[in-house]
Every structure is written in C-alpha cells, then in structure tokens.
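Each reported figure results from applying straightforward, stated rules to the coordinates on display, with no laboratory input. Given the structure is predicted, the values throughout are model-derived calculations rather than measurements. Counting neighbours? That spans all protein chains shown, and the Cβs are built from the backbone with ideal geometry, glycine included.
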Amino acid sequence: MKKILLPILVLSSLATAKPIVTATIAPTKFFIEQIAGDEIEINVMVPNSADPHTYEPKPSQMKKLENSDLYFEIGVEFDEIWLKKISRDFKSVKFIKTQNGIEKIPMEHHEHGEKHENEHDRHDGETLDPHIWLDPILVKMQSKNILNALCDTYKEKCEKFSVNQAEFEKKLDEFDEFAKTKLQDFKGAKFIVYHPSWGYFAARYNLEQIAIEIEGKEPKPADLAKLIKEAREEKASVIFVAPQFSKKAAITVATQSGASVVEIDHLSEDWLNEMKKTVEVISKSLK
C-alpha cells in the first residue's frame with residue numbers, strides 16, 4: 001500500500017504547486033503580486049536590504065530561478081551583469097523587460113553646485129537612470145508589461161489578472177493624486193539624497209534631487225565641502241539615506257549643515273506604503 005500511496009502523494013503535491021516567476025527587485029515583486037494575487041510564487045534575486053549594483057545571488061535563489069517560467073527584469077546593474085549568464089544557463093526561462101516602452105532619462109550628476117547631464121552617456125545609454133519604479137505613472141506602464149507576460153504564460157488566469165491590474169492602476173492614480181496634493185506647493189524645491197534614485201519621482205512632482213553620491217562613488221573632500229555649503233544655502237532640514245548604502249557622507253553633511261538624517265527605502269517590498277511615507281517626509285522637510 002505504501003508503494004502505491006507515495007506516487008499519488010507526489011503527483012498531488014506537483015498538481016497543487018504554484019508556478020514560480022522571478023523578479024530582480026522587491027518592488028517588482030509587489031507589482032506582480034498586485035496583478036497575480038496568490039496564484040504565483042515570486043522569487044526575488046536582490047533582497048531589499050542589498051545593493052543591486054553589487055549583489056551576487058545565492059544558490060537557493062538560482063535554484064528557484066531554474067524552476068521559474070518568467071524572469072521580470074528592470075534594467076538595474078544586477079540585470080546588466082547577470083542576465084547574460086542567467087539566460088545562457090536557464091534556457092527555459094522567458095525574460096520580460098518590465099521597462100519596455102519607457103523612455104529613460106540620463107542619470108543626473110550634481111557636482112560642484114551645478115546639475116549637469118553627461119552628453120556622452122546620453123548617447124550610449126550606459127548611465128541611463130533605471131529607477132523607473134519610483135514614478136507611479138511609469139509603474140502603470142510596467143504593470144501592463146507584467147500583465148501581458150502573465151496572460152501569455154497563464155492564459156486560463158488572464159481574466160482574473162486583468163481585473164487585478166485595473167484595480168492596481170486605480171491605486172497608482174490615487175497615489176499620484178495624493179503625491180501631487182502634498183507636493184504642489186514646493187515646485188522647484190530641492191531635496192538632498194545619498195544615492196540618486198529619485199530622478200523620475202522628482203521630475204514627476206516638479207522637484208529636484210541633489211545627490212551626495214557621485215557616479216557611484218563617495219564624494220571627495222572638496223565635493224563634500226561644497227555639498228555642505230549648498231545644504232546650508234538651501235536650508236536643508238533633512239538628508240535622505242537608503243538602507244542599502246553607506247550613511248557616512250550623509251551624516252557628515254547633516255552634522256555640518258544642521259540637518260537630520262532620515263531613511264527612505266527605494267527598494268521596499270511594501271512599495272505603496274513606503275512611497276506614501278516618502279511623500280510625507282519629503283513634504284514635511286520642504287515646509
């Protein structure tokens with residue numbers, strides 16, 4: 001009897017197992033969950049506490065990736081470094097560019113008190129800003145790309161996914177209105193961040209980010225002195241940091257300019273609540 005039951009139990013387990021998809025970052029997992037609900041298991045390659053520029057995946061993550069039907073990329077440095085290898089090793093996985101249809105902007109380098117764009121990088125695309133998930137209107141475009149991929153792969157669930165995606169778009173529109181209302185009186189205002197993640201967010205709500213980090217590097221002493229001077233001139237009350245990066249330079253700027261340090265997480269899995277919190281703290285810092 002045991003010999004008969006064991007195959008039945010194994011087959012039953014396989015029949016009830018959820019399909020697996022993989023995403024590069026935790027915010028993408030949140031977007032997929034809004035559309036797929038609990039129908040799909042989602043594997044994330046870069047934990048929200050890690051830096052996507054330097055993180056190396058663990059064997060357990062690679063194992064789940066091997067069993068994934070889809071991989072939802074975003075275009076961060078992790079994707080650029082690892083996806084060629086991943087696509088070569090896991091040929092059964094279909095790769096989905098959630099950024100399709102979105103025109104990315106060049107990363108802004110705020111050095112020596114002046115904001116400028118690297119024209120060379122504008123043409124070759126090497127430093128285009130990947131942080132599109134921090135603009136709710138661009139997330140709507142991402143969500144359509146996610147929906148299309150899920151519907152193509154799991155056709156029997158497409159109707160449910162489409163309803164969920166429409167509801168998610170409503171949430172994004174509501175958040176956009178919330179952010180507009182909170183930030184409408186601060187057009188052109190500057191806020192200081194360590195890592196330049198918030199370019200699309202700033203552009204959407206008519207703000208300007210000043211980044212402490214310069215082209216992925218800690219600022220030199222001369223740059224730091226100018227940042228401190230600018231923070232004083234702008235009467236910055238808050239320096240924003242992310243949990244994935246060093247706080248040393250930000251603390252120095254804050255200490256020397258009389259500002260406080262506040263953490264905002266651009267890679268939070270609890271994306272919507274974290275974005276609302278970020279709008280609240282930025283609006284308070286600009287008053």
> Just how far, in whole angstrom, is segment 50-71 from segment 234-287 if you go by their alpha carbon centroids?
Replying inline: 29 Å
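Please grab the % of Cα pairs in the chain that end up more than 23 Å from each other.
Pairs farther apart than 23 Å: 58 percent.
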> How about segment 34-88: which GluC sites (Glu not before Pro) there are in a DSSP loop, with at most 16 other Cβ atoms within 10 Å of their Cβ?
Replying inline: Glu39
> For Leu128 and Glu215 in the same chain, what is the full-extension length gain: residue separation times 0.36 nm, less their Cα-Cα distance, in nm?
Replying inline: 30.2 nm
> Nearest 0.05, what FRET efficiency do Lys85 and Val163 give at R0 = 35 Å with Cβ-Cβ as r?
Replying inline: 0.40
> Please state the relative contact order of the chain as a whole percent: Cα pairs under 8 Å, 6+ residues apart?
Replying inline: 17 percent
> Rounded to the nearest 0.05, what FRET efficiency do Val281 and Asn100 have when you use their Cβ-Cβ distance and R0 = 35 Å?
Replying inline: 0.65
> What is the gain in length, in nm to one decimal, between Gln184 and Ala17 on full extension, counting 0.36 nm per residue of separation less the C-alpha to C-alpha distance?
Replying inline: 55.4 nm
>> Please report the spacing between the Cα centers of segment 74-109 and segment 130-169 in Å, no decimals.
In response: 17 Å
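Per DSSP H run of n ≥ 4, the term is -39500 (n - 2.57); total these for the chain, divide by its residue number, and report the mean residue ellipticity at 222 nm rounded to 500 deg cm²/dmol. Don't jump to the answer; show the numbers that get you there.
On the way: 11 runs with 142 residues, N = 287.
Helix contribution divided over all residues of the chain: -15500 deg cm²/dmol.
Could you tell me what percent of the DSSP beta bridges with both partners in the chain are antiparallel, to the nearest 5? All intermediate terms of the calculation are to be shown ahead of the outcome.
Values: 6 of 29 bridges.
Once the DSSP bridges in the chain are tallied, antiparallel ones form about 20 percent.
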> For Asp173 and Glu66, FRET efficiency with R0 = 45 Å and r from the beta-carbon atoms, rounded to 0.05?
Replying inline: 0.75
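Within a Cβ distance under 14 Å of Met141, other residues only, what is the Lys/Arg minus Asp/Glu net charge?
Numbers: positive: Lys97, Lys104, Lys140, Lys144, Arg204; negative: Glu103, Asp135, Glu169, Asp173, Asp176.
Taking every other residue near Met141 into account, the sum is 0.
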> Under a point spin-label approximation (7 Å from Cα along Cα-to-Cβ), what is the Lys229-Glu77 distance to one decimal in nm?
Replying inline: 2.9 nm
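At 20 Å minimum axial length over the Cα atoms and a Kyte-Doolittle cut of 0.5, report the qualifying DSSP H helices in the chain, or say none. Don't skip to the answer; put the middle values down first.
Numbers: long enough: 2-16 (21 Å, 1.49); 136-153 (25 Å, 0.33); 158-183 (37 Å, -0.90); 271-286 (22 Å, -0.19).
Qualifying helices: 2-16.
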>> List the residues, sorted by chain then number, that are 5 or more residues from Ile192 or on another chain and whose placed amide H is less than 5 Å from its amide H.
In response: Ile210, Phe240
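Mind running the shape call on segment 126-221? Use the C-alpha gyration tensor, a ≥ b ≥ c as the square roots of the eigenvalues: rounded below 1.5 for a/c, prolate if a/b tops b/c, oblate otherwise. Show your work: numbers first, answer last.
Values: a/c = 4.44, a/b = 1.74, b/c = 2.56.
The shape class here is oblate.
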> Hey, got the Cα dimensions of segment 182-267 along the principal axes, in Å, largest first?
Replying inline: 34, 29, 20
